[in-house]
1. Any chance you could give the angle, 0 to 90 degrees and rounded to 10, that helix 394-407 forms with the longest Cα principal axis of the chain?
2. Could you give the length gained on full extension between residue 203 and residue 154, defined as 0.36 nm per residue of separation minus the Cα-Cα distance, in nm?
3. What is the Cα centroid distance between the stretch 178-196 and the stretch 277-353, reported in whole angstrom?
4. Would you mind ranking 152, 333 so that the residue whose beta carbon has the fewest other beta carbons within 10 Å leads the list?
5. On a full-extension model of 0.36 nm per residue, what is the gain between residue 139 and residue 348, subtracting their alpha-carbon distance, rounded to one decimal in nm?
6. In deg cm²/dmol and to the nearest 500, what is the mean residue ellipticity at 222 nm of the chain if only DSSP H runs of at least 4 residues count, each as -39500 (n - 2.57), divided by the residue total?
7. Quick one: give the max-minus-min coordinate of the C-alpha atoms of the stretch 212-407 along each principal axis, largest first, in Å.
8. Build a GNM of the chain with springs between Cα atoms under 10 Å: which of 41, 107, 285 gets the top mean-square fluctuation?
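Readers should treat all values here as calculations from the given coordinates under stated rules, not as data from a laboratory. If you're wondering where the values come from, they're calculated on a predicted model, not measured in any experiment. Heads up, the Cβs are rebuilt from the backbone with ideal geometry, glycines too, and the neighbour counts pull from every protein chain shown.
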Ligand SMILES: [Fe+2]
């Protein structure tokens, strides 16, 4: 388990990627992975470790992510195997791991967290080659250390972990899975057991609906975006990618500012949004109000066949934001996007958006909010060379979000 097959000078596949049978070429296409020299990075990050959600009912959420999103249940911790106050289900799709946690005991700290924020992302856990190096760098750059490095051990081996605070009540756990040359061999972390799911996929269902996680957007308060960009620059050595300000993403009613930071190999990308002053309440303001502060807004799931993914998700009842026909009939859009791999009509039928930049194009679509509050949602993204985030679609997307905001009486 300790081999690190070098497939290029500077990028290794992660164990999660190897297990998911992904190769380097696919990952460059799917998530824009780039080569970089880790030896000069003050805070080396290998990639995502897991995205941890706190939800009102983890038992039902675990079923939803299997039945609607085609994820595979791989591990479990709960009262049956030593975790008294909550249940945690670990789900996988390709190289992504989601963990959904829900309180069992009324005294669990998750109860209060859920009361404040509703369903949402509590931990964007990152895999790192050396937890201690990261924590020392974070400390010297002034970050809040929520958990000092600690070793967790069970029959499958040892994991070294720490955690630092990011925006709102969100944290980055830092997970080192290779300790003293030995890779942890358990299904997730010490305390978790392999799960035997009773869920059976329908005949003909694809193996998975998405292969990797592309980016997670964070919404922060007015005037705080630069501060958080600075946090990722100074504390974690992330570099700035694209930048969108002002008119780029303003509609008649709402506006926001956004900047994107990424780790060295670009597996981990964080667009950070703040509301901008406009005629009416920004969608970011709506998020901040209903989440009760800053938090993760959307997770972009990478697929190599967005048409199939969207069709399968719709069949399971997943709802997407509507895109008006006018979007597809706009001659300016048609000339801007040029040739894409399928006829525009196929995209229009599904409401899939297209954007193109100097490097290529991307196809994307956004779900409606996942839970009861108008907060966290998913994006499905299929990249063809473009390393952007759909800047050309922001206006169409925001107008669509505003129509929904209006229906909720929050515009
Ligand atoms: Fe996005």
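1. It is inclined by approximately 90 degrees.
2. Gain on extension, residue 203 to residue 154, equals 13.9 nm.
3. 37 Å
4. Ranked by crowding around the Cβ, least crowded first: 152, 333.
5. Additional length available on full extension: 70.3 nm.
6. Rounded to the nearest 500, the figure is -7000 deg cm²/dmol.
7. Each principal axis gives a Cα extent; for the stretch 212-407 these are 43, 40, 33 Å.
8. Largest GNM mean-square fluctuation: 107.
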